[in-house]
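Here is the structure we will look at.
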Amino acid sequence: MDSSNSTTNLRGVGVIAGAAILSLVFLLGVPGNIFIVWSVLARTRRRSVTTLLILNLAFADGFLMLLTPFFVVYLVQQSWIFSLALCKVLFYLCCTNMYASIFLITLMSLHRLVAIVWPKRVAAVSDPRALTRVLVGLWALALGLSVPVLVFRTTISLSGNNTTSFVCNCNHTQPQYVVMQYGMETVLGFLLPYSVIIGSYVCILRRIRKTRFRRRIRSEKLILVIIVTFGLFWLPYHIVNMMQVAAALHPEGSTKEGLKKISTSLRVLTSTVAFVSSCINPILYTFAGKSFIRREGLAFMARLFEATAHYSTKIRQSNQNSREKDTDEGGSLKDKDSDSITTPHTSCIIKVVPQKKGK
């Protein structure tokens with residue numbers, strides 16, 4: 001078998017595998033995220049901050065899953081058969097989902113940090129109006145940071161073997177545009193928020209170890225799994241981003257061409273893997289809430305979210321009780337010290353009685 005035939009066969013296998021993965025993502029992600037939205041809106045009796053953030057995350061992921069068929073067709077046809085407007089808008093929405101997802105997970109982590117480490121301030125960050133403003137600002141920021149996709153994404157024609165195909169790709173006229181777009185995606189959409197998330201959970205775990213409520217908390221475990229899986233699925237995509245940035249900054253030569261070739265060949269694979277992260281959360285919630293399934297039926301996920309809020313309250317109460325006990329103990333010691341200081345003075349008071357004059 002010659003090399004051209006083997007290359008064609010490998011490409012065909014890759015296309016079939018990618019299309020199969022995206023089709024599975026669509027079949028799992030759309031109903032799964034719709035079920036989460038329905039559970040929160042229709043079955044959850046008490047909507048905590050974490051529940052509302054999960055609702056926004058499910059909405060973002062579910063909407064992205066609805067766009068999956070376009071990318072399946074793109075893979076199978078090996079050519080962009082849709083319009084330039086769809087090329088820009090679809091990838092713009094994908095980028096918005098990336099930013100919104102990591103920002104929502106960061107907000108989850110920061111809220112847990114305040115609730116557990118500074119429980120007296122949790123009311124300030126749980127106000128519905130304040131939360132609504134934060135969420136509106138988050139979505140506006142995600143939409144704004146994704147604008148470079150609208151600017152640089154375009155359709156490019158490729159000719160070969162007497163056929164012409166089109167790709168929907170970014171066309172940067174200057175190297176600094178490559179650095180700006182992909183550097184911004186990786187720094188603002190991954191490295192910076194993930195550093196905040198890791199720092200938050202280090203503080204949370206340190207605080208939990210000091211409290212009397214030391215058993216493993218289901219809600220903390222669930223959110224930690226969401227964070228880890230998101231990072232694993234998106235890390236390859238951002239590695240490719242950094243390879244493209246390195247290629248743009250590197251002087252002309254074999255190294256530059258090699259980085260371009262590798263990043264171009266891996267871009268489709270890493271983007272497909274990143275898509276999987278949007279369908280994985282419903283599966284994680286199902287495993288986490290399996291103890292509720294027999295008892296609650298279709299409402300099991302709503303009970304899981306309510307249990308998340310309940311466990312968070314128990315941690316806060318444990319924190320407050322431990323602090324109040326420390327304060328009481330400190331106050332009683334202070335009272336004892338003050339008693340030991342004032343008592344000698346009171347016992348040393350001498351009553352002077354004037355003597356009567358004799359006759």
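A few notes on this one:
This table checks each residue for (1) of a type in the set (Ser, Thr, Tyr); (2) in contact with a Cys (Cβ under 8 Å, 6 or more places away or on another chain); (3) at pLDDT 90 or above; (4) not in a loop (DSSP other than H, G, I, E, B).
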position: Gly62; (1), (2), (3), (4): no, no, yes, yes
position: Cys87; (1), (2), (3), (4): no, yes, yes, yes
position: Thr96; (1), (2), (3), (4): yes, no, yes, yes
position: His111; (1), (2), (3), (4): no, no, no, yes
position: Ala130; (1), (2), (3), (4): no, no, no, yes
position: Trp139; (1), (2), (3), (4): no, no, yes, yes
position: Val149; (1), (2), (3), (4): no, yes, yes, yes
position: Thr154; (1), (2), (3), (4): yes, yes, yes, yes
position: Leu158; (1), (2), (3), (4): no, no, no, yes
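- Evaluation of Lys88 against (1) buried (at least 20 other Cβ atoms within 10 Å of the Cβ); (2) touching a residue at least 60 places away in the same chain (Cβ under 8 Å); (3) of a type outside the set (Ser, Thr, Tyr) (one fails), failing number: (1)
- Test result for Ala115, within 23 Å of Tyr201 (Cα to Cα) and surrounded by fewer than 16 Cβ atoms within 10 Å (Cβ to Cβ): no
- Leu64 meets each of the listed conditions (1) farther than 26 Å from Gly144 by Cα; (2) surrounded by 21 or more Cβ atoms within 10 Å (Cβ to Cβ) apart from (1).
- Residue within region 19-37 that is among the aromatic types (Phe, Trp, Tyr), at pLDDT 60 or above, over 18 Å from Ala274 (Cβ atoms) and surrounded by 15 or more Cβ atoms within 10 Å (Cβ to Cβ) present: yes
- Residues of region 73-85 satisfying the condition of being at pLDDT 90 or above and among the hydrophobic types (A, V, I, L, M, F, W, C): Val73, Trp80, Ile81, Phe82, Leu84, Ala85
- Tally, over region 170-210, of residues that are more than 18 Å from His238 (Cβ to Cβ) and of a type outside the set (Ser, Thr, Tyr): 14
The values are calculated or read from the model by the stated rules, or taken from the named source; none is laboratory data. None of the values given here were measured: they were computed from a predicted structure. For neighbour counting, all protein chains shown are included, and Cβ atoms are generated from backbone atoms with ideal geometry for every residue, glycine included.
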